[in-house]
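The values are calculated or read from the model by the stated rules, or taken from the named source; none is laboratory data. All values reported here derive from a predicted model rather than from experimental measurement. No Cβ is skipped: glycine too gets one built from the backbone with ideal geometry, and neighbour counts run over all protein chains shown.
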Amino acid sequence: MTDSIKFWAVVPAAGVGKRMNADRPKQYLELAGKTVLEHTLTRLLQAEVFAAISVAVSEEDPYWPVCQLSHHEKIITAAGGKERADSVLSALKAIRADAADNDWVLVHDAARPCLTSTDIHQLIESLVDDEVGGILALSSHDTLKNVQNGCIVGTLDRTHIWRALTPQMFRYGMLKSALQAAEGNPAITDEASALELQGLQPKIVEGRPDNIKITRPEDLALAQFYLEQQQ
Ligand code: CTP
Ligand code: MG
C-alpha cells in the first residue's frame with residue numbers, strides 16, 4: 001500500500017424513505033437511542049481509516065443541521081441530488097480539492113447502520129492492491145425465479161447471483177468519471193453498475209448478513225436485534 005493514498009467515505013443520505021412510510025426520512029428514525037444515520041456515521045468514524053466522510057443530505061433537511069455529528073471535524077456536508085447516484089456524485093465533488101484520483105472512496109448507504117469494522121477492513125484488505133475495486137456482496141440463499149405476468153418462466157442459476165451491499169470501494173477519479181458518464185441513466189442503482197458501464201469488472205468481497213439496509217418498517221426491529229447481537 002502506498003502511504004500517500006487516502007481513504008474517503010461517502011454517505012448518500014438524501015433519500016425520502018418512501019417504502020418506510022414513516023413521518024420522516026428513515027435515516028432519522030430512532031434506533032437504540034440514536035438515529036439510523038448517527039449509527040452509520042459512528043461505525044465509519046470508529047473504523048479510523050477515513051481522511052473524511054462526505055455526507056449528501058437534502059437541502060430541505062431540517063434534521064441534519066441539528067445533528068451533532070454534522071459539526072464533526074471529519075464530516076463534510078454535500079447537497080443531495082435527485083437520485084442516489086446524483087447524491088454520491090455531489091458528495092465526491094465536495095472533496096475534490098483534497099482527494100487524489102488514486103485515492104480510495106468507500107460509498108456506504110446511510111440506511112445500513114449495522115456495518116461492522118470487520119467488514120470495512122475486510123473490503124479494504126481484499127481490494128487495496130486492485131486496479132478497479134469492488135463491493136461487499138452476499139450470495140443468494142433462495143432459489144431465484146424469472147417471473148412474467150405472475151408466472152414462472154425460468155429459474156436463475158444461483159451460483160452466479162450475488163446481492164450487492166455497501167460499502168462499495170473504488171478509486172476517486174474512476175468513480176467520479178464513471179458516475180458523470182452515466183448521469184441520468186436510471187439503471188445506475190449502485191456505484192458498481194456505473195463502472196460496469198465503462199466495461200470494467202468490479203470484484204465482490206463476501207460481506208456479513210447483518211449489514212442490512214433499512215427499507216421497510218419491519219427492518220427497524222431487525223436492525224435493533226443485530227446491533228444488540230454485535231455488542
Ligand atoms: N439516497 C440519496 N439520494 C437520493 C436517493 C437515495 O442519498 N436521491 C440514499 C438514501 O438516503 C439511502 C441510500 O441512498 O441511504 C439507499 O437508498 P434507498 O434505500 O432507496 O433509500 P430511499 O431512496 O430513501 O428509500 P425509498 O427508495 O424507499 O424511497
Ligand atoms: Mg430509493
Handout entry: Yes/no for Ala100 being among the hydrophobic types (A, V, I, L, M, F, W, C), in a loop (DSSP other than H, G, I, E, B), in contact (Cβ under 8 Å) with a residue 40 or more places away in the chain and in contact with a strand residue (DSSP E or B) (Cβ under 8 Å, 6 or more places away or on another chain)
Key = no
Exercise for the section: Could you tell me whether Asp86 is out of contact with any Pro (no Cβ under 8 Å at 6 or more places or on another chain), within 16 Å of ligand 2 (Cβ to nearest atom) and not hydroxyl-bearing (Ser, Thr, Tyr)? Expected result: yes
Fill in the blank from the handout: Wholly inside region 1-91, strands (runs of 3 or more DSSP E) that include 3 or more residues that are in contact (Cβ under 8 Å) with a residue 60 or more places away in the chain and in contact with a Lys or Arg (Cβ under 7 Å, 6 or more places away or on another chain) are none
Exercise for the section: Exactly one condition in (1) within 18 Å of the chain's Cα centre (by Cα); (2) over 29 Å from Phe170 (Cβ atoms) is not met by Pro202; state its number. Expected result: (2)
Handout entry: Residues (more than 17 Å from the chain's Cα centre (by Cα) and closer than 20 Å to Arg163 by Cβ) located in region 178-195
Key = Pro186
Exercise for the section: Under 8 Å between Cβ atoms, at least 6 apart or on separate chains: pull out the pairs that start in region 151-171 with a residue that is without any contact (Cβ under 8 Å) to a residue 24 or more places away in the chain and more than 30 Å from Leu92 (Cα to Cα) and end on any residue that is assigned to a strand (DSSP E or B) and aliphatic (A, V, I, L, M). Expected result: Val153/Val147
Exercise for the section: Those residues that are modelled with pLDDT of 95 or more and either near ligand 1 (Cβ under 7 Å from one of its atoms) or farther than 17 Å from Cys67 by Cβ (or both), I need them from region 1-10; list them, please. Expected result: Ile5, Lys6, Phe7, Trp8, Val10
Problem - Cβ-Cβ under 8 Å pairs, at least 6 apart or on other chains, region 195-207 side over 18 Å from Val105 (Cβ atoms) and of a type outside the set (S, T, N, Q), far side modelled with pLDDT of 95 or more and in a loop (DSSP other than H, G, I, E, B) - result: none
Completion exercise
In the set Arg96, Arg43, the lone residue that is more than 25 Å from Ala182 (Cα to Cα) and out of contact with any helix residue (DSSP H, G or I) (no Cβ under 7 Å at 6 or more places or on another chain) is Arg43
